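Working notes, beginning with the structure itself.
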Amino acid sequence: MENKFKGRVLKFEDNVDTDVIYPGKYLPILDEKEMGKYAFTGISEDFPKTIKHGDIIVAGKNFGCGSSREQAATCLKSAGIAAIVAKSFSRIYFRNAINQGIPIITCSMDIEKIANHEEIELDFEKGKIHSKAGTFDFPPLPEYVLSILKDGGLIEHVRKELKTGK
């Protein structure tokens, strides 16, 4: 994970639940690469075709509410989502996204002013979101969370620590 990156915004409202992100009918799919083909099919069957590698989700309150299925985070990583910014997250979804290596930012400022499909820049080092609507501050992620993200997710992070003996 880089300290800064830019991406196109995919905009969502409040209360985006895991059934919308990854509908239950796809739970039998075990191949993580395949899961991305079904991201947000709870909105539209064609929605996955609109996702571009490096897109950033910007959402309202309570993103990832609903069931605790980790596939709802896995499918977004597989689909190419680079980060998720929301006013708040379900606790379990927040952790599942970190475990998958998806940078996840809680920003309680007026992020609803960010437009769908505009390009924004995330600066993890400074805790800033730069957009056409202005600059928004967010609290930095703890160092241990950043280390998990830099390693590509929890499994890769643990593998690395086991190899180095940390």
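All of the numbers you see were taken from the coordinates with simple rules; none came from a lab. Just so it is clear, the model here is predicted, and its values are computed rather than measured. Quick reminder, even Gly has a Cβ in these numbers, built from the backbone with ideal geometry, and neighbours come from all protein chains shown.
Scanning the range 58-76 for residues that are crowded, with 21+ Cβ neighbours inside 10 Å and either more than 21 Å from residue 155 (Cβ to Cβ) or touching a residue at least 60 places away in the same chain (Cβ under 8 Å) (or both) yields 58, 59, 63. Total residues in the range 79-91 satisfying the condition of being buried (at least 21 other Cβ atoms within 10 Å of the Cβ) and under 11 Å from residue 102 (Cα atoms): the figure is 5.
Taking the range 132-163 as the range and being among the small types (Gly, Ala, Ser) and within 20 Å of residue 82 (Cβ to Cβ) as the test, the residues that pass are 133, 147, 152, 153. Residue count for the range 90-109 under the criterion of being touching a strand residue (DSSP E or B) at 6+ places or on another chain (Cβ under 7 Å), hydrophobic (A, V, I, L, M, F, W, C) and not in a strand (DSSP E or B): the result is 6. Residues in the range 110-129 that are in contact (Cβ under 8 Å) with a residue 12 or more places away in the chain, in a loop (DSSP other than H, G, I, E, B) and surrounded by fewer than 16 Cβ atoms within 10 Å (Cβ to Cβ): 110, 115, 116, 117, 118, 125, 127. For the range 82-98, a residue qualifies if it is out of contact with any Cys (no Cβ under 9 Å at 6 or more places or on another chain) and touching a residue at least 60 places away in the same chain (Cβ under 8 Å), and the qualifying residues are 82, 83. Test residue 146 against the stated conditions and say whether it is touching a residue at least 60 places away in the same chain (Cβ under 8 Å) and outside any helix (DSSP H, G or I). No; evaluated as a whole, the condition is false for this residue.
The residue of the range 13-36 that is surrounded by the fewest Cβ atoms within 10 Å (Cβ to Cβ), among those that are farther than 20 Å from residue 98 by Cα and under 16 Å from the mean Cα position of the chain (by Cα), is 13. Only one entry of 78, 44, 90, 67 meets the criterion of being in contact with a helix residue (DSSP H, G or I) (Cβ under 9 Å, 6 or more places away or on another chain) and either aliphatic (A, V, I, L, M) or under 21 Å from residue 137 (Cα atoms) (or both), and that entry is 90. Scanning the range 37-57 for residues that are closer than 12 Å to residue 77 by Cα and either among the charged types (D, E, K, R) or in contact (Cβ under 8 Å) with a residue 40 or more places away in the chain (or both) yields a total of 8.
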